[in-house]
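The values are calculated or read from the model by the stated rules, or taken from the named source; none is laboratory data. What you are looking at is a predicted structure, and each value in this text was computed from that prediction instead of being measured. FYI the Cβ positions are ideal-geometry reconstructions off the backbone, even for glycines, and counts take in every protein chain you see.
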Amino acid sequence: MEDHRFNAILGQEVRASDRKGASFDGYGIQYDKGNTVFTDPNIIKKLTQAGFPYFAVSNSYDRFVAFFANGAYSFNSKYIFNATARLDGSNRLGSSTDARWLPTWNVSGRWNAKDESFLQNVDWLSNLNIRATYGLTASMGPATNSRAVLRSTLTIAPYPDEIQNGLLVRSLQNSELTWEKQYEANAGFDIGVFNNRFSISADFYHRKGFDLIAAIRTSGIGGELIKLANYADMVSKGVEFSLNSRNIDTPSFKWTTDVTFAYNENEITRLYSEPNVFSLTRSEGAAKLGGPVRGLYSIPFAGLSNEGIPTFYDKEGKASYDIFFQDRNVNHLKYEGSIDPKITGGVSNRFTFDNFSLNLFFTYQLGNVVRLYPSFQARYSDLNAMPSDLKDRWLHSGDEAHTNVPTILSKPLYDKYGNNILSTYNAYNFSTERVAKGDFVRLKEVSLTYKVPNDFAKKLGVAGASFKVSGTNLFLLYSDKALKGQDPEFFGSGGVALPIARQYSWSLNINL
């Protein structure tokens, strides 16, 4: 039995989370008297007349339980097999047994090929193993509740004696909400050659996800315009690759390189909701049957009119000013690409000369697009920050032949078209003119380290010491010119968040 090894484990996991909250609006809480409140009744009167609850209490209860088993078998340390089964349950999902409980499983195998007798004498081959896995995994995604969520509220009335207590439906019951599930097949290998001077690891995967959860727009008949639901199935595939090499390895000089590369693409194979023009053209992207899970689509731009107003191709292929964002006929929209990059990775080079060590780390991503900031409006005020694109805007009749930037509307022109022109300029923000590539190559980090010689460190009374200076997020080597200097990795974060900042630091490490 020395060549055979068995391992098995059975387990159970239970988690419970109870959250209770209490809040109030106003003044006069007495912390030294059991948190009782003594305040001016006029404050309570003012708040209640405005429809605000003076006191609020909230309770939430999360329950999670899991049962699992794992078994492993190894023969001669060359052939390894593993199997896992698990049963999970949570009260955050639907009330039915099929929705609340889910069994998952996984089987895997590994072949340490280098240990085979026919490869023992292959001196240049240092390591070789082949592995594969297949199984069903699951997650709760963004699910937050299966039962109805009700909140107490007060009606708004001009007089206190007319105010009534009420219940506000924050979220309807979703008894059919169930786990996000995914079948995944994965195969990979690890290989090292020339005493592991070059090491390669690669994984290839194919995933079939179904019952994906997201917030979707509904007709509103059920009482909610937007609700969480299992809305789509998706297939994704990709490869992950890493390379480590010792390019030069001498006592006085060393050069090592690490390369990572990942490729992923996905496709929606079933969709239980119909996206509209608005959801498909916004910067976050949306799912469309046959496209990626976060695809970006654009309204086809048809050029400027002789008055400098943007026009667009409608469903009939005719130039039009009018765009209806709630329209669910989206076949005329142009597919731009995925919001998520298809290719990501990094390259690190480390040079060591005597006691100095220099590290250069580059990152990159390719194959995604971004929606440019929606800065164009039919009307501007002194509070608006004007986009720099307006320098190239339409000014005179005939400019439409050499610019696609719309004019700033004059009052007579605005009065001519009325409020309908507002949606026209908004449509320009979500047109084919307002898209850029998200590709970039970045110098992520540069660091220089000096290691104090051991003899000198001992004279200082320490076991060792080193000094390091580094810079992070230094600059972009490449990005789309349409971004005009904006960072594609930060782009679209929204709000007033600061872009990725350059960081410079130094450190002194002393071992006593």
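When each of Asp88, Asp40 is tested for being modelled with pLDDT under 75 and of a type in the set (D, E, K, R), the lone residue that passes is Asp40.
Of all residues in segment 275-289, one or more are at pLDDT below 95, of a type in the set (Gly, Ala, Ser) and in contact with a Gly (Cβ under 6 Å, 6 or more places away or on another chain).
All conditions in (1) at pLDDT 85 or above; (2) surrounded by 16 or more Cβ atoms within 10 Å (Cβ to Cβ) hold for Leu477, with the sole exception of (2). Of the strands (runs of 3 or more DSSP E) lying entirely inside segment 404-502, those containing at least 2 residues that are within 27 Å of Leu280 (Cβ to Cβ) are 435-437.
In segment 360-370, the residue that is surrounded by the most Cβ atoms within 10 Å (Cβ to Cβ) out of those that are touching a Phe, Trp or Tyr at 6+ places or on another chain (Cβ under 9 Å) and under 17 Å from Gly438 (Cβ atoms) is Val370.
The residue list Ser338, Ser348, Ser357 contains one member that is over 30 Å from Arg246 (Cα atoms), buried (at least 17 other Cβ atoms within 10 Å of the Cβ) and either under 28 Å from the mean Cα position of the chain (by Cα) or of a type in the set (S, T, N, Q) (or both), which is Ser338.
Here is a yes/no grid of residues against (1) more than 30 Å from Ile323 (Cα to Cα); (2) under 23 Å from the mean Cα position of the chain (by Cα):
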{"position": "Lys411", "(1), (2)": "no, no"}
{"position": "Gly418", "(1), (2)": "no, no"}
{"position": "Arg434", "(1), (2)": "no, yes"}
{"position": "Thr472", "(1), (2)": "yes, yes"}
{"position": "Phe491", "(1), (2)": "no, yes"}
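Here segment 361-384 is the region considered, the condition is being of a type outside the set (Gly, Ala, Ser) and over 23 Å from Gly485 (Cβ atoms), and the residue that is nearest to the chain's Cα centre (by Cα) is Leu383. Please specify each residue of segment 54-112 satisfying the condition of being touching a helix residue (DSSP H, G or I) at 6+ places or on another chain (Cβ under 6 Å) and of a type in the set (D, E, K, R). Residue satisfying the conditions is Lys78 alone. Taking segment 268-284 as the range and being part of a strand (DSSP E or B) and crowded, with 16+ Cβ neighbours inside 10 Å as the test, the residues that pass are Ile268, Leu271.
Select, from Val462, Val496, Val469, the only residue that is loosely packed, with under 15 Cβ neighbours inside 10 Å, at pLDDT 95 or above, of a type outside the set (Ser, Thr, Tyr) and more than 22 Å from Leu296 (Cα to Cα).
Numbers: Val462 fails: at pLDDT 95 or above; Val496 fails: at pLDDT 95 or above.
Going through Val462, Val496, Val469 in turn, just one is loosely packed, with under 15 Cβ neighbours inside 10 Å, at pLDDT 95 or above, of a type outside the set (Ser, Thr, Tyr) and more than 22 Å from Leu296 (Cα to Cα): Val469.
Quick check on segment 207-223: of everything there that is surrounded by fewer than 17 Cβ atoms within 10 Å (Cβ to Cβ) and not hydrophobic (A, V, I, L, M, F, W, C), which residue is modelled with the lowest pLDDT? Filtering first and then ranking leaves Gly222. Within segment 99-126, residues that are over 19 Å from Ala66 (Cα atoms) and touching a residue at least 60 places away in the same chain (Cβ under 8 Å) reach partners that are part of a loop (DSSP other than H, G, I, E, B) and of a type outside the set (Phe, Trp, Tyr) with beta carbons closer than 6 Å, at six or more positions or on different chains, in the pairs Ser126/Asn195; Ser126/Asn196.
Acidic (Asp, Glu) and under 28 Å from the mean Cα position of the chain (by Cα): is that true of Asp327 in this structure? Criteria met by Asp327. All of (1) buried (at least 17 other Cβ atoms within 10 Å of the Cβ); (2) modelled with pLDDT of 95 or more; (3) not polar (S, T, N, Q) hold for Asp389 with one exception: (2). Exactly one residue out of Arg131, Arg63, Arg86, Arg170 is under 30 Å from Asn196 (Cβ atoms), touching a residue at least 12 places away in the same chain (Cβ under 8 Å) and among the charged types (D, E, K, R): that is Arg131.
Just to be sure before I move on: is Phe253 in contact (Cβ under 8 Å) with a residue 60 or more places away in the chain, surrounded by fewer than 16 Cβ atoms within 10 Å (Cβ to Cβ) and over 27 Å from Pro374 (Cα atoms) in the structure I sent? Yes: the conditions hold for Phe253.
The strands (runs of 3 or more DSSP E) found wholly in segment 126-234 and carrying at least 2 residues that are among the β-branched types (Val, Ile, Thr) and within 30 Å of Lys45 (Cβ to Cβ) occupy 149-154.
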